[in-house]
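Asks: This is the structure, below, for whatever I ask next.
The values are calculated or read from the model by the stated rules, or taken from the named source; none is laboratory data. Not measured: the values here are computed from a predicted model. Using ideal geometry, Cβ is built from the backbone for each residue, glycine included, and neighbour counts are taken over all protein chains shown.
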Amino acid sequence: MDRAVVLLSGGLDSTLSCLLARDHHEIILSLTFDYGQKAALKEIQAARKMAQQWHMRHQVVELPWLKNLGESALTSSTRLLPKFHDPEKLKEKKATEKSAEAVWVPNRNGIFINIAAAFAESLGASWIITGFNREEASTFPDNSSDFVHRTNRALELSTLLFPPKVKSYVQEMNKKEMVQKIIERDLSFDNFWSCYLGGKKMCGTCESCARTLAAFQENELSEKIRYRFSIF
Ligand SMILES: [Zn+2]
């Protein structure tokens, strides 16, 4: 099996992508980034738990300077997150564009992948696994298959000893399909953290929570996930 380094944020997308990647790769390292985001602690806890369960080496990479760039609602204590009380709002292009701008961290995924590529090259891993997916790609260009394709072209030149390639095992899925896969693979609902905020439970109203909730609702499984959210 080819070796892989996994970007594990502890969210639903990267956790599922990692689970599916385990069928094809030897995961030699999982990485979680702490860039001063409000959800950092919860993300690290969730990722660490999965890494333990799946016997993967886990490392937290700290990027404290990143929170000082831009004014992202993910990191700034003064900027509030756009709320999605009604799942219908997720279908409004203007609302999701506004939310994307509010949570945007300058070049975040570009930075993450290039750091992961340095680990991969040094460890002889030919793959970098992410949780990029079709649903997020509709709002965030750095989740798209085009971004993956072009990044892979750049990595061919920016690495020399062992050029790695980026791949997401959920690239073509939306959240509804991901929830179906989670059920199929019997992945516990207890561990993942998909909220932009910290706290005891996930908030239920940030865009990420709203998408997760909507996906469970579309699968008629919302009853099973309510216990993870503070709004119920
Ligand atoms: Zn939330």
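Asks: On the given criteria, is Leu31 more than 14 Å from the chain's Cα centre (by Cα) and in contact (Cβ under 8 Å) with a residue 40 or more places away in the chain?
Replies: It is false that Leu31 is more than 14 Å from the chain's Cα centre (by Cα) and in contact (Cβ under 8 Å) with a residue 40 or more places away in the chain.
Asks: Then there's this: Can you find a residue that is within 17 Å of Phe84 (Cα to Cα), in contact (Cβ under 8 Å) with a residue 12 or more places away in the chain and not charged (D, E, K, R) anywhere in the stretch 173-195?
Replies: So in the stretch 173-195, the residues within 17 Å of Phe84 (Cα to Cα) come out as 175, 194-195.
When the remaining residues are screened for being in contact (Cβ under 8 Å) with a residue 12 or more places away in the chain, the result is 175, 194-195.
With the extra rule that they be not charged (D, E, K, R), the set shrinks to 194-195.
Yes, the stretch 173-195 has at least one match.
Asks: Any idea which of Leu41, Leu80, Leu74, Leu20 is of a type in the set (A, V, I, L, M), out of contact with any Pro (no Cβ under 6 Å at 6 or more places or on another chain) and modelled with pLDDT under 95?
Replies: Details: Leu41 fails: modelled with pLDDT under 95; Leu74 fails: modelled with pLDDT under 95; Leu20 fails: modelled with pLDDT under 95.
Exactly one residue qualifies, and that residue is Leu80.
Asks: Being over 18 Å from the mean Cα position of the chain (by Cα) and within 17 Å of Gly124 (Cβ to Cβ) is the filter here, so list the residues in the stretch 140-173 that pass it.
Replies: Hits for the stretch 140-173 are Leu155, Glu156, Ser158, Thr159, Leu160, Leu161, Phe162, Pro163, Pro164.
Asks: Within the stretch 1-31, which residues are of a type in the set (S, T, N, Q) and part of a loop (DSSP other than H, G, I, E, B)?
Replies: Filtering the stretch 1-31 for residues of a type in the set (S, T, N, Q) gives 9, 14-15, 17, 30.
Across the stretch 1-31, the qualifying residue is only Ser9.
Asks: Sort out which residues of the stretch 174-232 are near the ligand (Cβ under 9 Å from one of its atoms), within 22 Å of Gln53 (Cβ to Cβ) and assigned to a helix (DSSP H, G or I), and write them in order of number.
Replies: Passing the criteria: only Thr212.
Asks: Within the stretch 17-65, track down each residue that is of a type in the set (Ser, Thr, Tyr) and closer than 23 Å to Gly199 by Cβ. Please lay out each step first, then the result.
Replies: Applying the first criterion (of a type in the set (Ser, Thr, Tyr)) to the stretch 17-65 yields 17, 30, 32, 35.
Of everything in the stretch 17-65, those that are of a type in the set (Ser, Thr, Tyr) and closer than 23 Å to Gly199 by Cβ turn out to be Thr32, Tyr35.
Asks: Here's something else I'd like to know. Quick one: Ser168 ticks every box in (1) in contact with a helix residue (DSSP H, G or I) (Cβ under 9 Å, 6 or more places away or on another chain); (2) over 24 Å from Trp104 (Cα atoms); (3) hydroxyl-bearing (Ser, Thr, Tyr) except a single one, so which number is it?
Replies: All conditions are met except number (2).
Asks: Which of the residues that make up the stretch 166-200 are crowded, with 20+ Cβ neighbours inside 10 Å and of a type in the set (Lys, Arg)?
Replies: Hit for the stretch 166-200 is Lys175, nothing else.
Asks: In addition: Checking Ala73 against (1) among the aliphatic types (A, V, I, L, M); (2) more than 29 Å from Gln180 (Cα to Cα); (3) under 12 Å from the mean Cα position of the chain (by Cα), which single condition isn't satisfied?
Replies: (3)
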